[in-house]
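J.: The following block contains the structure, expressed as structure tokens.
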């Protein structure tokens, strides 16, 4: 009771601070569209470094005051609601904690170690665990404060030679590491539609992690899938389509695990940053609101969000990270249905589950629900108390043994490093010159050309105008991004761009609650972006900005360059010569985007196009970026989505613009004409006004996300999913559809399991049997060699989906030549999840086979009858 009273006093003190405030506010407004930004205005648009003057969030909070009555009223209402919630949680917590509608699945399955290449590793792990005390077993399941330069570090067992495990943030390379490379982000890889390239990139990244003494690479990402158009972390995943995500994550894991453990994240339904984490979790343990609950029906779970995790586990992923959000009312890291049921039983997962940082919200309940490792530490348990829970029977000895065994098996098989951590071996150069070609080609292939009025490729222009804030080198993440991630919090409101984070707004940001009118960084006016912000950010040794590469090219060609990277209305000195404008759309972990197109950049493009007859636009975008304000301008002649290309940004861009390679990227998402085109999936979900502390995100759209939603609602996109241009032309012919002879085509799989028996890794083996093969002849009818990406979409009987991606093939075809493109179809590709039977059911009937260049450009059609 004394502890509760103390917390209550702290809560009341905080409420007084919030409702009274100290200091003077700032009253900055959005940057006017007709003028160049001053330094202060740019900071306002970006929100960059707005809170960098202090590292203390409380000091930041009390440095400002809510000035106007409306703002004060909002804050008072918020504080009152929070105080009421705090009182309830302190004295009647049973009204707060509920496992909702997520069904319980116990006990947690034990890893068998008899599938794939796990046998030897499990044997060694079990032998080591048999020598440990319960305290030692428990110790390796917790993060410790001395992280040795890693994002997280486990306890060790020195007497048995186990040094602990170093886990480090990833996505585009070794985060915070020195002497490392900067790889293209996953979204960029998704735009390449290239399985082999995804694997090669992953192999190179894994090698750098191992050289830096890291055991576990915290990636790749297949959640979020991209349900919410403004999702702040969509750039960390490959695509908004589950089939494409699964096709790229499998070779990615295989490549990474040649050197280290790959940790696939975030499991599952982690589709928004808004309300992702409990308010004040990092300040006052036990006094927190509830994270958003992703309420997902069983079929949608299997056919959309769980789909790429099937491929990840089939690739023998050794670790999976559970997410911040709830799933159907139960926290992701204490959800026995998703961890014990879906992951460890249905998918046959043999590795270990680690919590996202501070995503544990219960003690022994999370252990019993299937959580194996807590990071970076636990507020609820420690090695002594977990060992005590085993002694009193709250946690079974088998469960603790399994936790330790799964962790050690992954260590033995993929990531045995003698001296992990050690400040990430700061003096060790992890880069391999042999991998430079992979980094470069990965950057090239993620560029998507969406408009070309015959002006590209360039051929030694006499004069070239370069404009836009994104052309030059600069910071790829801001101080604000780092601060945000450091507190692991998120926002809860919709914002308009332009207000800086100062004073009370800063604290409310850290606390997961922001007043309307605040904004996250939407564009990076201080320089080009090569990645997003947050835990996936990178700081490579060097990077080539677009301007650097264009200067180099101009020197070779004898081209005169005219540049202006600061003005919103630059002077076009040679209006008949090409003008290239560089803009961006930034995004970061910890908050969702506020808009899909910013006023400042759109005005910049329009101003240049009004004066330059050959205006080309390059967009470095961390997600969907709308272009309809200027795409039809008669002087806008070419547009490239450059995504997030990593350290070779400029070199890759000039490789394409000057025609040394034809662009080959395709959009891994749908670009609408206006924000309203995305309907209910534009914005994240917010708390109900009647209960502002419990956000519910009900996935009522089911499977209809991204292009499936556009098709269902009859909305014509600006650029459809799968779209992209090359410098050549291709024709399709000779569609062939053949069924595999002798294969079982009964509705239910022959090897289906019942009860709690874990499946093989990645699910039933029959799900991956080939049922049929579709192939087409693709001919290059143009004058240059180029890569074509042929795409297969199926209309599956009884699915309600007229088109679902079920195959793609990418090949370079020489001019005047043809190639055979093939699409194998597995049982899983042709099945629907039946929630009643709890099985994948192969549908009888006629499948509409559609092959084309994008989801909207179908060239050949046929049918497959089962």
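Read-outs throughout are calculated quantities, based only on the coordinates presented, and are distinct from any laboratory measurement. Being a predicted model, the structure only gives us computed values, none of them experimental. Cβ coordinates were reconstructed from backbone atoms using ideal geometry, including for glycine residues, and neighbour counts include every protein chain displayed.
J.: I need the shape label for region 305-424. Rule: rounded when a/c is under 1.5, else prolate if a/b > b/c, else oblate, with a, b, c from the alpha carbon gyration tensor. Before the final figure, lay out each step's value.
T.: Working: a/c = 1.42, a/b = 1.04, b/c = 1.37.
Because its axes are fairly even, with a/c under 1.5, region 305-424 counts as rounded.
J.: Just report the Cα centroid separation between region 702-737 and region 620-672, whole Å.
T.: 18
J.: Continuing with the same structure: For the pair residue 159 and residue 812, what calculated FRET efficiency results from E = 1/(1 + (r/R0)^6), where r is the Cβ-Cβ distance and R0 = 41 Å, to the nearest 0.05?
T.: Working: r = 57 Å, r/R0 = 1.38.
So, using R0 = 41 Å, E works out to roughly 0.15.
J.: Here is a follow-up. Take the alpha carbon atoms of region 405-431, find their center, do the same for region 168-246, and report the distance between the two centers in whole angstrom.
T.: That distance is 19 Å.
J.: Compute the Cα gyration tensor for region 545-673, then decide on rounded, prolate or oblate, letting a ≥ b ≥ c be the square roots of its eigenvalues: rounded whenever a/c is under 1.5, prolate when a/b is larger than b/c in the other cases, and oblate in all that remain. Let's see the in-between values first.
T.: Numbers: a/c = 1.67, a/b = 1.23, b/c = 1.36.
Oblate is the answer for region 545-673, as a/c is 1.5 or above yet b/c matches or exceeds a/b.
J.: Something else about it: Between rounded, prolate and oblate, where does region 171-306 land on the alpha carbon gyration tensor, with a ≥ b ≥ c its root eigenvalues, rounded for a/c under 1.5, else prolate if a/b exceeds b/c? Present the calculation step by step, with values, prior to reporting the outcome.
T.: Working: a/c = 2.19, a/b = 1.30, b/c = 1.68.
Taking the square roots of the gyration eigenvalues as a ≥ b ≥ c, region 171-306 is oblate.
J.: For region 161-226, just run the numbers: alpha carbon Rg, then divide by 2.2 N^0.38 Å, N being how many residues it has.
T.: On the way: Rg = 12.8 Å, N = 66, 2.2 N^0.38 = 10.8 Å.
Normalised by 2.2 N^0.38 Å, the Cα Rg of region 161-226 equals 1.19.
J.: For region 728-865, what mean projected area does the convex hull of the alpha carbons give, in nm²? Intermediate results must be reported in sequence, preceding the final value.
T.: Values: hull surface 36.8 nm².
That works out to 9.2 nm².
J.: Quick one: order 599, 346 by neighbouring beta-carbon count within 10 Å, fewest to most. It would help to have the intermediate numbers written out before the result.
T.: Numbers: 599 18, 346 21.
Arranged by neighbour count, lowest to highest, 599, 346 become 599, 346.
J.: Efficiency by 1/(1 + (r/R0)^6): what FRET value for residue 574 and residue 422, r their Cβ-Cβ distance, R0 = 51 Å, to the nearest 0.05? Walk me through the numbers on the way to the answer.
T.: Working: r = 55 Å, r/R0 = 1.08.
The formula returns an efficiency of 0.40 here.
J.: Give, in nm to one decimal, the length gained when the segment between residue 733 and residue 781 is fully stretched (0.36 nm per residue of separation minus the Cα-Cα distance). Working shown, then result.
T.: On the way: separation 48, 0.36 × 48 = 17.28 nm, distance 1.25 nm.
That works out to 16.0 nm of additional length.
J.: Take residue 196, project a point 7 Å from its Cα along the Cβ direction, then tell me which residues of region 435-454 have their backbone nitrogen under 19 Å from it.
T.: 435-447
J.: OK, next. With the crude spin-label approximation of a point 7 Å out along Cα→Cβ, what separation in nm comes out for residue 258 versus residue 628?
T.: The answer from the label model is 4.5 nm.
J.: Assuming R0 = 56 Å, can you tell me the calculated FRET efficiency for the pair residue 432 and residue 130, based on Cβ-Cβ distance, to the nearest 0.05? It would help to have the intermediate numbers written out before the result.
T.: Details: r = 39 Å, r/R0 = 0.70.
Efficiency, from the Cβ-Cβ distance: 0.90.
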